[in-house]
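Engineer: The structure's right below; bear with me while I get my questions together.
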Amino acid sequence: MTTSLPRFTRIAGTGSFLPPRRLSNEALVRELATHGVETSDEWIVARTGIRARHFADDGVASSDLALAAARQALDSAACTAQDIDLIVVATSTPDMVFPSTASIVQNKLGIHGCAAFDVQAVCSGFIYALTVADSMIRTGAARKALVIGAEVFSRILDFNDRRTCVLFGDGAGAVVLEASDTPGILATELHADGRYLGILCVPGTVAGGKVLGDPLLKMDGPAVFKLAVGVLEDVARSVLAKASRSESDVDWLIPHQANLRIMQSTARKLKMATDKLVVTVDEHANTSAASIPLALDVAVRSGRIARGDTLLLEGVGGGFTWGAVLLDY
Ligand code: ACO
């Protein structure tokens with residue numbers, strides 16, 4: 001007997017989790033001032049749209065945030081952890097050098113045996129993870145997958161560098177993906193260009209029992225900004241063309257939540273009304289690989305995104321990496 005392969009992968013449920021400690025810009029500005037770092041709520045809001053971020057307490061790891069988001073996604077998909085046969089975690093702030101955060105999440109969920117691995121594509125990580133899981137489901141390697149973006153970026157921030165430490169936050173978002181004969185994910189596209197690895201990096205590692213190099217985030221913000229607006233427009237047009245859809249078919253644009261100005265500029269270039277843009281950067285800041293599934297879950301739970309809506313998800317980040325996923329929710 002031959003079983004036919006599923007034509008599509010669909011999102012069966014979403015979930016997210018933010019660590020409870022919320023720091024408004026004002027609170028962060030006060031904290032930074034205690035060690036001589038000058039910034040202001042006005043500067044942060046005007047340049048980025050960020051008003052607050054959440055930071056995990058000491059001892060809380062990416063896998064803890066991932067687990068909470070995963071449990072919510074399982075509930076919303078009306079399934080149990082035992083139904084899952086693939087776990088992919090997108091993170092640049094894993095619990096350990098190894099094993100993968102996905103293996104740790106699997107263990108915390110109390111399920112054993114299914115494939116579990118991490119994807120490292122910084123802020124494009126969730127788009128990479130979704131694309132890999134979609135391919136595995138459509139080739140029959142898995143039937144139901146947990147795809148998670150989880151980060152504790154607060155651990156790799158240099159709180160003496162005002163150009164970066166005000167921009168990031170911690171959190172996790174997750175989706176349950178399942179095989180389906182109806183759409184589903186319509187088109188995906190991934191890119192990377194290693195020539196730009198120096199404009200956004202954490203140039204350190206562990207060797208001989210010590211940290212080798214610098215383990216804190218470095219970013220050339222203006223260079224990232226310039227590249228981001230170009231690639232986000234190109235990759236959006238590309239996935240739309242692959243699926244024979246147009247900008248006007250998109251109900252919701254969910255870009256990586258790094259900077260409100262980048263997101264608005266992308267929407268303008270694609271001639272999409274800004275009220276089609278899902279924005280959570282104001283409350284979450286940039287949570288790297290977690291930002292897209294977090295924004296998706298917030299918009300689903302608030303009732304803005306409904307079943308049948310067409311969503312365009314777009315990621316961009318260190319590597320330099322970028323990509324997009326077009327789907328019918
Ligand atoms: N508070 C006050 N002043 C500041 C701060 C701050 N927190 N940070 C920088 N400044 C000052 C600078 O010192 C500079 O002053 P100067 O002109 O006297 O030297 C001035 O503000 C302008 O600095 P720029 O860096 O040129 O500011 P810009 O308008 O480019 O905004 C920003 C900076 C917000 C970082 C922007 O470039 C940006 O958003 N870039 C993209 C970031 C991004 O998208 N990252 C996504 C990927 S993240 C990932 O993959 C992990």
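Engineer: Using θ = phi - 60° and the Karplus curve 6.51 cos²θ - 1.76 cosθ + 1.60, what whole-Hz ³J(HN,Hα) does each residue of segment 65-82 get, with Gly and Pro shown as x?
Structural biologist: 3J(HN,Hα) across segment 65-82, in whole Hz: 5, 4, 4, 5, 5, 4, 4, 5, 5, 4, 4, 5, 8, 6, 9, 10, 4, 5.
Engineer: Note down, for segment 185-328, the three equivalent ellipsoid semi-axes (square root of 5 times each alpha carbon gyration tensor eigenvalue), biggest first, whole angstrom.
Structural biologist: On the way: eigenvalues 171, 55, 39 Å².
Output for segment 185-328: semi-axes of 29, 17, 14 Å.
Engineer: Evaluate the charge dipole of the chain about its Cα centre and quote only its size in Debye, nearest 20, assuming +1 on the Cβ of each Lys and Arg and -1 on the Cβ of each Asp and Glu.
Structural biologist: Rounded to the nearest 20 debye, it is 400 debye.
Engineer: Lys144's amide H: which non-local residues (gap 5+, or another chain) put their own amide H closer than 5 Å, with H modeled 1.01 Å from N in plane and none for Pro or chain starts?
Structural biologist: Asp85, Leu86
Engineer: Continuing with this model, one more query. Go through segment 282-293 residue by residue and turn each phi into a ³J(HN,Hα) via Karplus (6.51, -1.76, 1.60, θ = phi - 60°); whole Hz please, and just put x for glycine and proline.
Structural biologist: So the Karplus estimates, Gly and Pro as x, are 4, 9, 9, 6, 8, 9, 6, 4, 7, 5, 6, x Hz.
Engineer: In degrees, nearest 10, range 0 to 90: what is the angle between the Cα axis of helix 221-242 and the longest Cα principal axis of the chain?
Structural biologist: Helix 221-242 and the main axis of the chain meet at about 10 degrees.
Engineer: If you don't mind, there's one more thing I want to ask. May I ask you to list the lysines whose Cα is less than 20 Å away from that of Lys108, ignoring any residue fewer than eight positions away on the same chain?
Structural biologist: Of all the lysines, those that pass the test against Lys108 - Cα under 20 Å, at least 8 places apart if same chain - are Lys144.
Engineer: What does the helix-only formula give at 222 nm for the chain: each DSSP H stretch with n ≥ 4 adding -39500 (n - 2.57), the total divided by the residues, and the result rounded to the nearest 500 deg cm²/dmol?
Structural biologist: -9500 deg cm²/dmol
Engineer: Continuing with the same structure: With an 8 Å cut-off on Cα pairs and a minimum separation of 6 or more residues, tell me the relative contact order of segment 264-329 in percent.
Structural biologist: Relative contact order of segment 264-329: 21 percent.
Engineer: Tell me which residues come under 5 Å, amide H to amide H, from Ala121 once H is placed; ignore anything under 5 positions away on its chain.
Structural biologist: Under 5 Å from the amide H of Ala121: Thr91.
Engineer: Of the listed peptides 88-98, 37-47, what is their order by residue-averaged count of other C-beta atoms within 10 Å, with the highest listed first?
Structural biologist: 88-98, 37-47
Engineer: Based on the mean of other Cβ atoms within 10 Å per residue, sort peptides 258-270, 107-119 so the most packed one is first. Please list the in-between numbers first.
Structural biologist: On the way: 258-270: 19.8, 107-119: 16.8.
Answer by packing, highest mean first, reads 258-270, 107-119.
Engineer: Please report the spacing between the Cα centers of segment 43-111 and segment 126-198 in Å, no decimals.
Structural biologist: 11
Engineer: Spelling out what I want: for every residue of segment 189-195, take phi, set θ = phi - 60°, compute 6.51 cos²θ - 1.76 cosθ + 1.60 (Karplus), and round to whole Hz; glycine and proline get x.
Structural biologist: 7, 10, 9, 8, 9, x, 4
Engineer: Please report, in whole Å, how far the alpha carbons of segment 117-175 spread along each principal axis, starting with the longest.
Structural biologist: 49, 15, 15
Engineer: Next question, about the same structure. Using a 1.4 Å probe on the protein chains only, how many percent of the accessible area of segment 8-180 belongs to carbon and sulfur?
Structural biologist: Numbers: 3430 of 6680 Å².
That fraction is 51 percent.
Engineer: Then there's this: What does the charge add up to near Leu217, with Lys and Arg as +1, Asp and Glu as -1, over the other residues with Cβ less than 12 Å from its Cβ?
Structural biologist: With Lys, Arg at +1 and Asp, Glu at -1, the net is -2.
Engineer: How much of the pair distance distribution for segment 8-180 lies past 20 Å, counting alpha-carbon pairs only, in percent?
Structural biologist: Everything past 20 Å amounts to 53 percent.
Engineer: Where Rh denotes the Kirkwood radius from the mean inverse Cα pair distance, what is Rg over Rh for segment 162-203?
Structural biologist: Rg/Rh: 1.13.
Engineer: Additional query: Give the peptides 11-22, 48-59, 207-218 in descending order of average Cβ contacts within 10 Å, highest first.
Structural biologist: On the way: 11-22: 21.1, 48-59: 18.2, 207-218: 12.0.
Going from most to least packed, we get 11-22, 48-59, 207-218.
Engineer: Using only the alpha carbons of the chain, determine the length spanned along each of the three principal axes and report them from longest to shortest in whole angstroms.
Structural biologist: The Cα atoms of the chain stretch 70, 48, 38 Å along the principal axes, largest first.
The values are calculated or read from the model by the stated rules, or taken from the named source; none is laboratory data. As the structure is a computational prediction, the values presented were derived from the model and not from experiment. Using ideal geometry, Cβ is built from the backbone for each residue, glycine included, and neighbour counts are taken over all protein chains shown. Surface areas here come from the heavy atoms of the whole protein model, side chains and all, with no ligands, DNA or RNA. Shrake-Rupley method; radii C 1.70, N 1.55, O 1.52, S 1.80 Å.
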